[in-house]
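Here the structure is laid out as structure tokens; the discussion comes afterwards.
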Amino acid sequence: MEEILVLGCGNILYGDDGFGPAVTDYLNANYKIPKNASVVNVGLASRGFIFDILLSEKRPKRVVIIDAIAHSDRKAGEIFEVPLSNLVKEKVDDFSFHQGPASNMLKELRDNGVEVIIIACQPENIPREMTCGLSSVVQNSVPKASELIYNKYLRVH
């Protein structure tokens with residue numbers, strides 16, 4: 001188990017919902033990931049992945065969740081951090097559109113000494129039917145989010 005885990009959550013088959021996986025792919029392709037960290041595209045398996053971390057005797061010190069999260073006060077493509085305490089009530093059981101990590105599991109991780117950070121992007125389009133590919137505004141946010149995550153949460157200081 002690495003000290004830092006960066007988890008890209010989302011469904012690449014539903015437009016901007018693929019933001020998290022796009023960021024992890026971009027980070028792995030364009031940055032030198034420190035030896036104490038792993039950057040993983042967990043796609044739709046985020047709930048199980050978080051559950052496995054909870055059951056593990058050795059846990060990371062920090063988990064960074066990357067996801068597309070619709071927020072009424074944000075512009076499409078905007079990157080923002082979501083404190084666990086600010087997750088809206090309708091997301092208590094299911095963290096995101098695609099059944100990602102439940103907020104109660106993330107809170108349990110936090111309560112057991114793991115720093116939990118959620119980096120979100122305001123989606124422009126999450127279609128009802130399968131449509132691959134991010135909107136251009138969200139695609140343009142992938143390098144920006146990657147730089148933020150690398151410099152603030154991954155880079156060895």
For Pro101, state whether it is at pLDDT 90 or above, crowded, with 22+ Cβ neighbours inside 10 Å and either in a loop (DSSP other than H, G, I, E, B) or among the small types (Gly, Ala, Ser) (or both). no
Scanning the range 31-58 for residues that are part of a strand (DSSP E or B), within 19 Å of Gln139 (Cα to Cα) and of a type outside the set (S, T, N, Q) gives Val39, Val40, Val42, Gly43
I'd like the full set of residues that are under 10 Å from the mean Cα position of the chain (by Cα), on the phi > 0 side of the Ramachandran plot and surrounded by 23 or more Cβ atoms within 10 Å (Cβ to Cβ), limited to the range 1-43. Gly10
Please go through the range 1-30 and pick out each residue that is out of contact with any strand residue (DSSP E or B) (no Cβ under 8 Å at 6 or more places or on another chain), closer than 20 Å to Val138 by Cβ and not small (Gly, Ala, Ser). Tyr26, Asn30
Flag for Ile50 being in contact with a Lys or Arg (Cβ under 6 Å, 6 or more places away or on another chain), of a type in the set (A, V, I, L, M), in contact (Cβ under 8 Å) with a residue 12 or more places away in the chain and crowded, with 17+ Cβ neighbours inside 10 Å: no
Answer residue from the range 111-157, given it is of a type in the set (Lys, Arg) and touching a residue at least 60 places away in the same chain (Cβ under 8 Å) and is farthest from Arg74 (Cα to Cα) among those: Arg155
Those residues of the range 1-50 which are closer than 16 Å to Leu109 by Cβ and aliphatic (A, V, I, L, M) amount to Met1, Ile4, Leu5, Val6, Leu7, Val40, Val42, Ile50
Here's a check for you: in the range 116-157, which residue that is in a strand (DSSP E or B) and within 14 Å of the chain's Cα centre (by Cα) is farthest from Asn36 (Cα to Cα)? Cys121
Of Gly77, Gly113, which residue is surrounded by fewer than 17 Cβ atoms within 10 Å (Cβ to Cβ), assigned to a loop (DSSP other than H, G, I, E, B) and at pLDDT 90 or above? Gly113
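The values are calculated or read from the model by the stated rules, or taken from the named source; none is laboratory data. Note that the structure is a prediction, hence the values are computed from the model and not measured. Methodologically, a virtual Cβ is constructed for each residue, glycine included, from the backbone with ideal geometry; neighbour enumeration extends over all protein chains shown.
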